1. Stretched out fully, how many nm does the piece from ASP242 to GLU256 gain, at 0.36 nm a residue minus the Cα gap?
2. Under 5 Å between amide H atoms, partner at least 5 residues away or on a different chain: which partners does GLU197 have, H built in plane at 1.01 Å?
3. Label-point separation (nm) for LEU360 and LYS412, each offset 7 Å from Cα along Cα-to-Cβ?
4. Given the peptides 117-126, 5-14, arrange them by the average over their residues of other C-beta atoms within 10 Å, most packed first.
5. Grab the beta carbon distance between ASP46 and ILE447, set R0 = 51 Å, and tell me the FRET efficiency rounded to 0.05.
6. Using a simple spin-label model with points 7 Å from Cα along the Cα→Cβ vector, what separation in nm is obtained for GLU321 and SER217?
7. Diagonalise the Cα gyration tensor of the stretch 408-454 and give the resulting equivalent ellipsoid semi-axes, square root of 5 times each eigenvalue, largest first, whole Å.
8. Quick one: what are the phi-derived ³J(HN,Hα) couplings along the stretch 116-132, Karplus 6.51/-1.76/1.60 with θ = phi - 60°, whole Hz, x for glycine and proline?
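What follows draws every value from the coordinates through simple rules; no lab data is involved. Bear in mind that the values here come from a model prediction, so they are computed numbers and not experimental data. Note: ideal-geometry Cβ built from the backbone for every residue, glycine included; neighbour counts use all protein chains shown.
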Amino acid sequence: MGDDELKTVESIKAFWAQSYTTRAARLNSYKGYHIHVYDDQWSDIDEPAGDRPKVEMFLSSDIVRKYRSHLFPQSAKLGVRFTPDPEQEIKVARELASKYEDQVLDTYRENKLPLILRLQAEFFVVGGAAVLYAPHDTKNNPGNKAKTLIYSLDPSEFAFIRLGYEIVAGMHRQPILVKDAKKLGCVTDIDSHDDLEEIDDLYYFDKQKFVRIIGDSFKIVDNPLAGTGYEIPYYFIPNNPDPLTMEGTSDITQFEKIDQELNARLSDLSLRIRESILGPVTVSGDGVKKYSLDPDMVNYVPTGGKAERLAPAGDGKEFLEYINLMLGLYQRKTAVTDPVLGIETAAVASSGIAMQFKFLNLDELIQEKRLTWDIALRHLNERIIYNYFGEKSYRRNDPIYPPATPTDETQKTNNAVAMVGAGITSRAAMTDDLNPTRTPEEIRQQIEEEKKTFEPKQPPPNQQKQGFNK
């Protein structure tokens, strides 16, 4: 163990500590409010006194669900399309693209990617960033059928160093049980630790080396992917990224004040309705006028007197107008309009284009958020291919998402047929768009097999003629 190695480890630890107290603290504050949303949206200073109504709308949690479900809809299924290399013979290029797509889709399935995307979509919307960790399976070397493993990371447990927009070093922390650390020879003071105790396990990657630090033990080795362009196995995906720092911003914090204001005004309206039913009572008669402060009973009614319950002044219309104004502003900021919420039936007497227009603002917002996902997923797909095949000969790949908003499938299919017929796109490209989680070659083969199985066999020509003559 040399002095240079010790300095490297101490430098990594110091960098981690500094990052965790700044960037991670901010991400945790975003998550803190989101947890608060599901529990209690009232601050102590604003909480209604006594038995006054305490209404909670949880609109921020609704926004999280809407954004998350539209970002990766339909069980978070994700497809991929590799563009064949035009410099290769067309059949070879198509087979190569199909081989790559098969490998990527198999990797998605093996790693249960829909669940990972669902978890990361919530981190993305609430915490302001998503982080994927994609090392290779060490059973094989990169380029020699090494599979790619995909993990979901808590963004608050991740730190990075960037040069421009490129991450040149990254690290994350995860817990490891002492009994597992002992198997790795990473716990020296064995008697002071219980086997089921958790200790920190730090992973660090840069362009040249990989460092793992567990307790006081560490390992430094050469990065097995040095010089390939895939040295850093992290994919940091910021939400609403700051163009200077590339840090992400939560969608939730801007709605905190609106949440609180709506809760307060709805509670006021609820109190008004309660008082109109159970408000104070006026007792009059024989020159006596008294008020009963008990809304449930009248203590004294003089001879010939009467008891009347006081009604609030006005009709309460201003409450409804203000609440509707707040809800309208909320919808404008979030693009979650009446059709999205289901308040207005989007499909009644509407064409496919009309339906898409109703969802246009939300669709544009989701497409903007997918820009940062595109960059990460393209590079992840390249890593999957390099780890397994050791090849970098493909031209381009593109993630294929399910539609973020309702689409007219009949119109979509008709458009695909028309585009293929007009010669402005290929059958393979349209097949990929309509079936994102399957490869065009797989579908073509299935169609050919079905033709052999289900198409009726034609009788011999002489039998056809005889049948015709009859």
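1. Numbers: separation 14, 0.36 × 14 = 5.04 nm, distance 2.08 nm.
Answer, rounded to one decimal: 3.0 nm.
2. VAL178, LYS179
3. For the pair LEU360/LYS412, the computed spacing is 2.0 nm.
4. On the way: 117-126: 23.1, 5-14: 13.7.
So the order, starting with the most tightly packed, is 117-126, 5-14.
5. Values: r = 63 Å, r/R0 = 1.24.
Result of the calculation: an efficiency of 0.20.
6. Distance between the two pseudo-spin positions: 7.3 nm.
7. Values: eigenvalues 82, 28, 26 Å².
Over the Cα atoms of the stretch 408-454, the ellipsoid semi-axes are 20, 12, 11 Å.
8. 4, 5, 5, 5, 6, 4, 6, 4, 4, 6, 8, x, x, 6, 10, 9, 10
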